[in-house]
Amino acid sequence: KTSLFTLLTLTLLLTIPLQSVYAQNLGSLSEYSIKLAISPSHIEEGPSDHPIGYLYVLSKNGVPITSSNDVSISLSSDNPLIASVPQTIILKADEEYASFDVTTGDLIGNTVITATLNSKTTFQEIQVGNTETHLPDDLILELNLPTNEMHVNTEMPFSVYLRTSDGYVVRAPF
């Protein structure tokens, strides 16, 4: 009876469709993409390391997938004097993403960070510091004082900022 029960249980398990998520062998998978995310994409100037870089491998449906092996991904910066990244990062087996630091130097400006895995490439532009040396002519000084309709939960009950006539908030260059 025990062997008959075992046989019936095994037969039942083989007929039930099981849904499991397995790590992919990226060498044999052709329909995937990589996504580079650097957030925020506008960072302070001055020499510093910023832990803001992330890289994902996505299925054809845009869902992060894992690899069954460690995967080496190449990174580069158009202008390493503005911001540099490691030459390679490792997406570890069974991990959904890899993270990396963006290192800023003394220069300000824009640079493009590029990531490459096999034949897949992605990039993102980042801005270090404020490259504008003048303020727009259409600036409006906004001063928001507390009112009985405000929901303020801070120690400073008002805000002051500059915005353009089209509503864009401007950072002061100095």
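Throughout, read-outs are computed from the coordinates displayed, never taken from laboratory work. In this text, all values refer to a predicted model and were calculated from it rather than measured experimentally. Methodologically, a virtual Cβ is constructed for each residue, glycine included, from the backbone with ideal geometry; neighbour enumeration extends over all protein chains shown.
See the values below:
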| quantity | calculated |
| --- | --- |
| Where labels lie 7 Å past Cα in the beta-carbon direction, separation of residue 138 and residue 59 in nm | 4.6 |
| Efficiency of FRET between residue 49 and residue 171 - r from beta-carbon atoms, R0 22 angstrom, step 0.05 | 0.50 |
